[in-house]
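Trainee: Below: one structure in structure tokens.
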């Protein structure tokens, strides 16, 4: 048993810097996901660039981040050293889970990165364009099965928005939720479903290898290096970004908030962050201050409408 | 021949002294966290990921490989000795393994687990190296309806874990299925049986339930025993395996490997399902049915081989398609990305050197595990000579620490204690605890696959038997239920007893 204990103590000692924490970042998800990755990338760059002498990451997984969010609000109020990573998925999860704690209970600081959504079909499919796919959807919404991540998540919302833009009843869409990107991709590659939705990055290698056909991306402009039209260009007014953000604790003074915002701005401006984003393949979608607040409010409103349309929020 | 020379090249890289040291660190850490109930290989790799930024790709990959295989292996040690599975894939190991330990045969049980893991890891890694592209094609052709059929088969065969009474076993299974309903429904996002508690939204954590039922329940049971502490566990026989043990183990290892590898490589398979199916197979095929439930060595050898082979199988979709199908695989994917690798269908072509380096690392880690663990068996079983109050005090401490470490919330701790009391109650009244955990694992899988299949087919039930694979799996399941009934009706009870053991 001693071995066990030493082993774990060793693992913990390696992973967690000893003390003098300037920031504690909560990743409201299990290790390995996007939010955890964002938190750990911030940890590394903030320490390396000397923005904070010591940064600790803690994971509180559960229910699309709402478990972590509730704990963060309860435990961290008024503490300027506490940060939480969040994102678009959280917006949906707060609504579908009827979470008592919302993003209005924290102090959003900045949007940091974001993924664009992609709509694909298996290479063997006879569907060539987004137009073809929407034709099928209009003819019989149930006959078009969509593979994607969890119900009410960004993938589901994307399909709902597309259906709405195409004039199809969003409650009729046949969205098949898979747990984890791997299972959904396997279903698309194995020709089990009509189409699939996930981030562009998830599908990029498959598209390159010719096992999937990329029909459209959800960004406002065409993406460099990606040979596909935007959903907007294809004629449907849908723009979705699966963004990730950083927020501070509730109940901060203006000075405290400004200090955190300044540190995050320093992070964003650093060379380390730029190269980190490049390694990870994340787009820099930094947006802070009043502009972010406006965008956040707009995203929450759109999401609530589409989740009501799909029938996930009553 | 090309793959072979690439593999040799990979081995050459992996055999450098520094790389071997990384492998050792990985294997030791992996075994350690595997032993600790609640903390799995996924969490460890995630914690160690930042540390490996500074290492070269070969060094960090081999460390991951060591942790991964070590974690799969380490779970068996506590299952066998202390009836406390560290991972969900070691649950069935506890059934026979712990009975062996109680009879003083903890040494052979640990040895067959270690050697079985080694044999399975070796064969499965070689299969991964040479057959991955073919296996993955097969795995991809399976969809929700085939997975549902596989789950049905698993449910039917799982009765092997029921112990002596079918009624009690079914009761336990249904408790597990009921617990499985808790949480957000994956397909509609609706919360079920959460009573407004946010921590219940993601359902009941399998490890929490397993650790509570097995470890806490066991500790409470021991504490409640009156009279002088008995010395049930003490090692009486030899520590190493006898000729008879070898004879009974080797077929089980091979069968476990060939069950584990394909199931691990299926995107919706998993090491736990593989270990259940292997246990059921061994129980059906054994020449010693009377020993099952009372310490049959095949019941340890098969599942332990199966879960290690499944761990290697998981790497098939990861390396050939870039599909992470388990939490650990997802984190290893993140590890690849930090070296600028994009796992995908082209990985074998664009980064052949690294892929073969990883495969070579797995082989090395596998050898290192058996080298590390066989001599340690003597040390591990000394655990059992720790006075019981201390030993179970320690188990309680580690079980709690492990659970809190993964999910730091008072509600999780409350569940651990509640389920622990439930486990004690079940023990007291002779209800087996393994089927509860099995129900919690298989229930949601079966439900989601069924609903996905029906959703894709727009509610047409015929879809479930519309492919050869699903039709065959379902037919086998039906036969497994019907044939014993027919045999019984025909008055051939003796045959039945020989086939089914003592399941009534």
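The values are calculated or read from the model by the stated rules, or taken from the named source; none is laboratory data. Since the model is a prediction, treat every value here as computed from it, not as a measurement. Glycine also receives a Cβ, built like all others from the backbone with ideal geometry; neighbour counts cover every protein chain displayed.
Trainee: Considering only residues of region B:465-501 that are at pLDDT 75 or above and not in a helix (DSSP H, G or I), which is surrounded by the most Cβ atoms within 10 Å (Cβ to Cβ)?
Mentor: B:467
Trainee: I've got another one for you. On the basis of being outside the structural domain of residue A:154 (by TED's automatic domain parsing) and modelled with pLDDT under 85, does residue A:275 make the cut?
Mentor: Numbers: outside the structural domain of residue A:154 (by TED's automatic domain parsing): yes; modelled with pLDDT under 85: yes.
For residue A:275, the condition - outside the structural domain of residue A:154 (by TED's automatic domain parsing) and modelled with pLDDT under 85 - is met.
Trainee: Tell me the strands (runs of 3 or more DSSP E) entirely within region A:1-107 that contain at least 2 residues that are modelled with pLDDT of 85 or more. Lay out the reasoning, then the answer.
Mentor: Working: elements: A:23-27, A:55-59, A:82-87.
Because the criterion is at least 2 residues that are modelled with pLDDT of 85 or more, the strands (runs of 3 or more DSSP E) in region A:1-107 that meet it are A:23-27, A:82-87.
Trainee: Would you confirm whether any residue within region A:256-270 is in contact with a helix residue (DSSP H, G or I) (Cβ under 9 Å, 6 or more places away or on another chain) and either within 29 Å of residue A:144 (Cα to Cα) or part of a strand (DSSP E or B) (or both)?
Mentor: Scanning region A:256-270, I find no residue that is in contact with a helix residue (DSSP H, G or I) (Cβ under 9 Å, 6 or more places away or on another chain) and either within 29 Å of residue A:144 (Cα to Cα) or part of a strand (DSSP E or B) (or both), so the answer is no.
Trainee: Further, regarding this structure: Among the residues of region A:56-75, is there at least one that is more than 14 Å from chain B (Cβ to nearest Cβ), in contact with a helix residue (DSSP H, G or I) (Cβ under 8 Å, 6 or more places away or on another chain) and touching a residue at least 40 places away in the same chain (Cβ under 8 Å)? Write out each step before concluding.
Mentor: Applying the first criterion (more than 14 Å from chain B (Cβ to nearest Cβ)) to region A:56-75 yields none.
Within region A:56-75, not a single residue is more than 14 Å from chain B (Cβ to nearest Cβ), in contact with a helix residue (DSSP H, G or I) (Cβ under 8 Å, 6 or more places away or on another chain) and touching a residue at least 40 places away in the same chain (Cβ under 8 Å).
Trainee: While we're here: Consider residue B:127 carefully, then state whether it is at pLDDT 85 or above and crowded, with 24+ Cβ neighbours inside 10 Å.
Mentor: Here the answer is no, as residue B:127 does not meet what is asked.
Trainee: Among the numbered conditions (1) at pLDDT below 85; (2) assigned by TED's automatic domain parsing to the domain that holds residue A:160; (3) within 19 Å of residue A:130 (Cβ to Cβ), tell me where residue A:201 comes up short.
Mentor: The failed condition is (3).
Trainee: So in region B:181-195, with the set limited to residues that are under 20 Å from residue A:171 (Cβ atoms) and in contact with a helix residue (DSSP H, G or I) (Cβ under 6 Å, 6 or more places away or on another chain), which one is nearest to the other protein chains (Cβ to nearest Cβ)? Explain how you work it out, then say what you get.
Mentor: As a first pass, look at region B:181-195 and keep what is under 20 Å from residue A:171 (Cβ atoms): B:184-191.
Now drop any that are not in contact with a helix residue (DSSP H, G or I) (Cβ under 6 Å, 6 or more places away or on another chain), which leaves B:186-187, B:189.
Working: B:186: 5, B:187: 5, B:189: 4 Å.
Going through the qualifying residues, I end up with B:189.
Trainee: For residue A:255, state whether it is within 14 Å of chain B (Cβ to nearest Cβ) and surrounded by fewer than 14 Cβ atoms within 10 Å (Cβ to Cβ).
Mentor: Working: within 14 Å of chain B (Cβ to nearest Cβ): no; surrounded by fewer than 14 Cβ atoms within 10 Å (Cβ to Cβ): yes.
No.
Trainee: Which numbered condition in (1) at pLDDT below 85; (2) more than 30 Å from residue B:188 (Cβ to Cβ) is the only one that residue B:409 fails?
Mentor: For residue B:409, the failing item is (2).
Trainee: Restricting to region B:380-418, give me the number of residues that are at the interface with another protein chain (Cβ under 9 Å from one of its Cβ atoms), part of a helix (DSSP H, G or I) and more than 24 Å from the chain's Cα centre (by Cα).
Mentor: Qualifying residue count for the region: 1.
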